[in-house]
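Written out below as structure tokens is the structure these notes cover.
The values are calculated or read from the model by the stated rules, or taken from the named source; none is laboratory data. Keep in mind that what you see is a predicted model, and the values were worked out from it rather than measured. Positions of Cβ are generated from backbone atoms using ideal geometry, with glycine treated the same way; all protein chains shown enter the neighbour counts.
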């Protein structure tokens, strides 16, 4: 399969580009922030996503979805990234759907996702840095389990209808085995969600599970066998975050190159200065390489390839590095105006920082690449 | 099974049967690369492998069959490359004829030129070198001064080229000459001639690596028939630029990991060892290598994407400049890391254990990557102007 979008995917890109550009451009995010909106995204917009079919992008056609893959999901996410659109698309339509697909939970949760009524959040991280360890415990209790522990950096966790929780049913925090993944509804007793606004104005919750009773049928897959669905979640989430990063980095680069063609100093356009040209050209190169890494990971994921895992880590690390460069160069080349809240380039820098941390930063993934290569 | 699956299965079986075991070993020194030519220096297995591949046209799989190629579609060519990589097959024939002159001849050559030159390139019979740079025409290549005087049915060429890779080993040269002194780019022609022609001489240049892969090439009243000019007189700059795109593409390939194993990682493990967790025992070097490998791996995908887009006619015409820039900078980083990983073992310049300082010499050689074929700075200029459309 060639490493570029085919005709159908390009047509989808045109559609989604117009749609997001019209309904959720950067000023949409700015308005939510200025209003101190407590949800963190627009439910109306999520409903419109559903009407366009996008919320079911990874759901099979037989179940009412579009039956498409990670390449197509990435096309949507890149536009979300480019427009800095707050959306539960990554957590819900990509990561949660990839996790629940083919399990008994699909029938319960997919209709709500397809209708744009259901929002999912992923309760994975327990410390400030994403790690492989899971310490939150799930003890047998009656017919189900009792969850005790804390999670953080749970985007949309304060409003989510569906929470996917990684918990430990055996062993200790750093063991690969003994993890169980749960799909649980909201409004459970002894579960406290504290929303925190992040630097990029998105909202992520800290979750406190203080002996939360859940039914046994909340288990995704097998008890103690959560590594497999968790890996599905992480692969989808990381690949999706990479695509969104590509949009953020690409959007920042386009703004910056546009500015170089417009801003005049010393009586000429600053884009004519070789010092800035070389920095812009280097940035372009990094973003191109990052784009290749992303579509490679998406295609391998769609093909269920056993080399997908390393490709996903390469994509996440590479997009984090390239987009970090893009937003840094963006603010620098905009000069003083790049430091103002009024100008959008700073929003790109903030969003890039959040996405770079999500599901593991560049160092975390470089380490995984090294481990996979035997060093 | 689709046609492509069938092709893949057949290709795999054929490669398995025809690729000699020696040709599945990693390339370690210059001599491991097969260049063919009139005076070949074959290592065991090289000739068999080159001839076997040439018999199917697979030294140039996507060239037309009429010119010695395999006539494969882009998808089939990709399958062949994938299967060769999976089996760690070496490139059967390294050739500036394949990577540089061939594409230019396919676009600008006459039917007669194509039938003659391309067929010999495909079979590895003629080894080519490139006469571009001159002492006073480096980054500003179009200021070249080597003159070609019109003498009826032929030109008489006088001048000097420099940095001519392997000129002392090459059979023929593709050469930029000045046929009109009154204009710059518009006064250049592209000619081919035999290095054995009277008046041609070469002088190797000793480099910092201790090797002399580059030469000075002198032309003293060399007669070249006009039938050996490619494209119109004074239109050579078009051919030159087109060829440079392919040269940059070829050089960018240096950014890719070699097909057989990963010498950087293997070397680091051998010298430094792994800790009890299976991590390279030098954490800072490990971090540098891991970060590099992310880029190298991503660039591997970029290379695949670039070729796919090129074959589909979707690549930006200046994209080879990005590939060349990124690939060569990456290759320099790789060799810096290899030297760091090998420590003082690799500093030995002549010892047997260092294979005569092979890595140290290779490391020094890579410093030319970002100079030859247009410097990194020239590539960045091209990207800025042609892709990003920044003002002059």
Search segment A:292-320 for residues being at the interface with chain B (Cβ under 8 Å from one of its Cβ atoms) and more than 16 Å from the chain's Cα centre (by Cα), and hand back the single one that is nearest to residue B:320 (Cα to Cα).
A:292
Within segment B:366-392, which residues are within 26 Å of residue B:336 (Cβ to Cβ), within 7 Å of chain A (Cβ to nearest Cβ) and outside any helix (DSSP H, G or I)?
none
Of the numbered conditions (1) surrounded by 17 or more Cβ atoms within 10 Å (Cβ to Cβ); (2) assigned to a loop (DSSP other than H, G, I, E, B); (3) not assigned by TED's automatic domain parsing to the domain that holds residue A:76, residue A:128 satisfies every one except a single condition; which is it?
(1)
State yes or no: is residue A:265 more than 9 Å from chain B (Cβ to nearest Cβ) and under 17 Å from the mean Cα position of the chain (by Cα)?
no
Could you say which residue among B:337, B:346, B:380 is more than 19 Å from residue B:28 (Cβ to Cβ), modelled with pLDDT of 95 or more and either under 16 Å from the mean Cα position of the chain (by Cα) or buried (at least 19 other Cβ atoms within 10 Å of the Cβ) (or both)?
B:380
Per the filter on segment B:281-291, residues surrounded by fewer than 24 Cβ atoms within 10 Å (Cβ to Cβ) and either at the interface with chain A (Cβ under 9 Å from one of its Cβ atoms) or touching a strand residue (DSSP E or B) at 6+ places or on another chain (Cβ under 9 Å) (or both) are B:281, B:286, B:287, B:291
Counted residues in segment B:297-321 being out of contact with any helix residue (DSSP H, G or I) (no Cβ under 6 Å at 6 or more places or on another chain), more than 9 Å from every other protein chain (Cβ to nearest Cβ) and assigned to a helix (DSSP H, G or I) come to 1
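Could you tell me which of the residues B:356, B:343 is out of contact with any helix residue (DSSP H, G or I) (no Cβ under 7 Å at 6 or more places or on another chain), farther than 21 Å from residue B:132 by Cβ and either more than 9 Å from chain A (Cβ to nearest Cβ) or touching a residue at least 12 places away in the same chain (Cβ under 8 Å) (or both)?
That would be B:356, the only listed residue that is out of contact with any helix residue (DSSP H, G or I) (no Cβ under 7 Å at 6 or more places or on another chain), farther than 21 Å from residue B:132 by Cβ and either more than 9 Å from chain A (Cβ to nearest Cβ) or touching a residue at least 12 places away in the same chain (Cβ under 8 Å) (or both).
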Give, as residue ranges, the strands (runs of 3 or more DSSP E) completely inside segment A:156-215 that count at least 1 residues that are in contact with a helix residue (DSSP H, G or I) (Cβ under 8 Å, 6 or more places away or on another chain).
A:162-168, A:179-185
Please work out if residue A:21 is within 20 Å of the chain's Cα centre (by Cα) and either closer than 18 Å to residue A:243 by Cβ or exposed (fewer than 12 other Cβ atoms within 10 Å of the Cβ) (or both).
yes
Looking at segment B:172-192, which of its residues are part of a strand (DSSP E or B) and either over 17 Å from residue B:108 (Cα atoms) or in contact with a helix residue (DSSP H, G or I) (Cβ under 6 Å, 6 or more places away or on another chain) (or both)?
B:172, B:174, B:176, B:178, B:188, B:189, B:190, B:191, B:192
